[in-house]
């Protein structure tokens with residue numbers, strides 16, 4: 001069900017890479033010097049990065065003085081020579097948000113964060129991406145404007161419906177989710193859950209393992225409504241049964 005990578009635009013490749021990552025290297029400014037740290041990552045339905053950070057952490061103190069950040073998203077696992085694998089550097093501004101929907105989405109993608117997300121010193125940040133630098137493989141290097149990386153369609157209706165879609169799928173269709181993982185993605189494991197849906201695909205998790213399943217023809221992309229989401233999930237289930 002996945003498109004050929006060679007047929008996708010740099011912006012689509014960048015957005016797909018961002019949607020598939022669960023951690024990143026975060027670079028902030030410490031008195032004008034670069035400071036890099038490891039952070040957990042989720043992305044919103046439009047592919048904007050979400051970070052849940054402790055105010056006690058050095059990177060949070062750095063952001064308070066200068067919100068300009070860079071994120072390195074590394075997708076080179078499995079490549080004998082990592083420098084031939086894909087990675088994406090995002091540049092933008094990390095701004096605090098009180099959006100409870102975004103926080104719930106972060107927790108769904110990072111279940112361990114549920115234990116501390118309510119602590120007073122933790123804040124959710126949304127990164128407003130201004131530019132991205134994609135290395136999609138040897139000789140495939142592109143600078144991409146932030147507006148092109150972000151999904152441009154109206155995601156509001158699907159975002160509002162996402163919690164109920166996840167609840168329904170995980171409660172009533174665990175067998176279909178397992179087939180998505182086993183037959184469409186070649187994964188193993190018996191406790192797969194669906195952690196997210198966006199206009200371009202779904203996210204799955206089994207214990208500490210995650211998987212991304214992009215929508216592709218014959219599914220009509222993008223998926224922007226609960227009705228379209230249901231149709232897409234049914235088509236995935238039919239493909240997995242074949």
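Of the residues 142, 214, the single one that is assigned by TED's automatic domain parsing to the domain that holds residue 90 and in contact (Cβ under 8 Å) with a residue 24 or more places away in the chain is 142.
Residues are listed down the side, and each one gets a yes or a no for (1) assigned to a strand (DSSP E or B); (2) outside the structural domain of residue 131 (by TED's automatic domain parsing); (3) under 16 Å from the mean Cα position of the chain (by Cα); (4) exposed (fewer than 15 other Cβ atoms within 10 Å of the Cβ):
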| site | (1), (2), (3), (4) |
| --- | --- |
| 45 | no, no, yes, no |
| 56 | no, no, no, yes |
| 63 | no, no, no, no |
| 69 | yes, no, no, no |
| 83 | no, no, no, yes |
| 92 | yes, no, no, no |
| 103 | no, no, yes, no |
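In this structure, is residue 11 surrounded by 15 or more Cβ atoms within 10 Å (Cβ to Cβ), within 23 Å of residue 141 (Cβ to Cβ) and touching a residue at least 24 places away in the same chain (Cβ under 8 Å)? For residue 11, the condition - surrounded by 15 or more Cβ atoms within 10 Å (Cβ to Cβ), within 23 Å of residue 141 (Cβ to Cβ) and touching a residue at least 24 places away in the same chain (Cβ under 8 Å) - is met. Could you tell me which residue of the stretch 218-235 is surrounded by the most Cβ atoms within 10 Å (Cβ to Cβ), considering only residues that are out of contact with any helix residue (DSSP H, G or I) (no Cβ under 6 Å at 6 or more places or on another chain) and under 16 Å from residue 16 (Cα atoms)? Checked the stretch 218-235; the qualifying residue surrounded by the most Cβ atoms within 10 Å (Cβ to Cβ) is 222. If the condition is being out of contact with any strand residue (DSSP E or B) (no Cβ under 6 Å at 6 or more places or on another chain) and either in a strand (DSSP E or B) or assigned by TED's automatic domain parsing to the domain that holds residue 206 (or both), then the stretch 111-127 contributes no residue at all. Per the listing 114, 94, the residue uniquely touching a residue at least 12 places away in the same chain (Cβ under 8 Å) and at negative phi is 94.
Is it the case that some residue within the stretch 22-29 is touching a strand residue (DSSP E or B) at 6+ places or on another chain (Cβ under 8 Å), touching a residue at least 60 places away in the same chain (Cβ under 8 Å) and either surrounded by fewer than 18 Cβ atoms within 10 Å (Cβ to Cβ) or closer than 23 Å to residue 215 by Cβ (or both)? Among the residues of the stretch 22-29, at least one is touching a strand residue (DSSP E or B) at 6+ places or on another chain (Cβ under 8 Å), touching a residue at least 60 places away in the same chain (Cβ under 8 Å) and either surrounded by fewer than 18 Cβ atoms within 10 Å (Cβ to Cβ) or closer than 23 Å to residue 215 by Cβ (or both), which makes the answer yes.
Mind listing just one residue for me: the one in the stretch 128-150 that is loosely packed, with under 13 Cβ neighbours inside 10 Å and assigned to a strand (DSSP E or B) and, of those, modelled with the lowest pLDDT? Result: 141.
The values are calculated or read from the model by the stated rules, or taken from the named source; none is laboratory data. Note that the coordinates shown come from a computational prediction; the quantities given were computed from them, not determined experimentally. Here Cβ is always computed from backbone atoms with ideal geometry, including for glycine, and neighbour counts include all displayed protein chains.
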